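Student: The following block contains the structure, expressed as structure tokens.
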Amino acid sequence: MSNASQGQGSWQVRDGKWYPPQALPPPPPPQGVITSTGPTYGMQPPSVDARPRKGGLARRPLLWVLLVIVVFFGGCGDSVSGVNIAVRNEAAQHTLVYSVTGSGTSTATNITYETFQKGLVQVMNPRLPWTKTITASGLFTDFSLSVQNGPVGLSYVVCTIREDGKVLNANKAAGPFRIASCEATGHLS
């Protein structure tokens, strides 16, 4: 093979090279295939295996599925357990008691408390002692109660929040028109 004619009987191929008469010409390349600029006599193209390769974590979808299942169910054991407890507690009845007591006056200016069904409720000029009992089931956990003292100078008011008999919060305010606020997070469990 050369770039110039080799004499009588030599021939030129599409690649532009001249070949001696004893050499066989290379087979024509298939349509659309790009070949090298020279002949490839005696060379075999690299073999391409159509079968999927075994090995490598990315090529094992069954392993990935198994890994996801193990992580999900293994790691969610505590969460599933917590959900079971929460669902069980939702069905349980709980008693919430808001109470206001005071001294020096028989009334407070106003009391504001939170219910699960109506939101905030305000009671104007209630007589003391005052109590509101709410029975509910569910996962309600935030409670609030506030009371404003009356106009008498040396009086005080006390607010208290109880859940199932346990005091969650209590607060006291002394002096005219002072406010006692109670906020609590219940353990409805």
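We did not get these values from a lab; they are worked out from the coordinates using the rules stated. Remember, it's a predicted structure, so these values are computed and weren't measured experimentally. Every residue, glycine among them, receives a Cβ derived from its backbone with ideal geometry; neighbour counts consider all protein chains shown.
Student: Restrict the search to region 141-177; then list the chymotrypsin sites (Phe, Trp or Tyr not before Pro) that DSSP places in a loop and that have at most 15 other Cβ atoms within 10 Å of their Cβ. List each step's numbers first, then the result.
Tutor: Values: sites: 143, 156, 177; in loops: 177.
Sparse-neighbourhood loop chymotrypsin sites (Phe, Trp or Tyr not before Pro): 177.
Student: For the charge dipole of region 92-185, defined by +1 on Lys and Arg C-beta atoms and -1 on Asp and Glu C-beta atoms about the Cα centroid, which residue among 150, 119, 137 has the Cα displaced farthest towards the positive pole?
Tutor: Sorting the options by dipole projection puts first 150.
Student: Within a Cβ distance under 15 Å of residue 107, other residues only, what is the Lys/Arg minus Asp/Glu net charge?
Tutor: Charge balance near residue 107 sits at +2.
Student: What does the charge add up to near residue 163, with Lys and Arg as +1, Asp and Glu as -1, over the other residues with Cβ less than 14 Å from its Cβ?
Tutor: -1
Student: Sorted from fewest to most neighbouring beta carbons within 10 Å, what does the list 17, 166 look like? Provide the component values of the computation, followed by the final result.
Tutor: On the way: 17 16, 166 9.
Result, fewest neighbours first: 166, 17.
Student: So what's the net charge close to residue 185: Lys and Arg +1, Asp and Glu -1, counting the other residues with Cβ under 15 Å from its Cβ? Each step should come with its number before you reach the end.
Tutor: Details: positive: 162, 166; negative: 114, 142, 163, 164, 183.
For residues surrounding residue 185, the net value is -3.
Student: So, one more: Could you tell me the calculated FRET efficiency between residue 69 and residue 164, based on Cβ-Cβ distance and R0 = 45 angstrom, to the nearest 0.05?
Tutor: 0.65
Student: Related question: Could you give the Stokes-Einstein D for region 92-185 in µm² per second, using the C-alpha Kirkwood radius, 20 °C, 1.002 mPa s?
Tutor: 162 µm²/s
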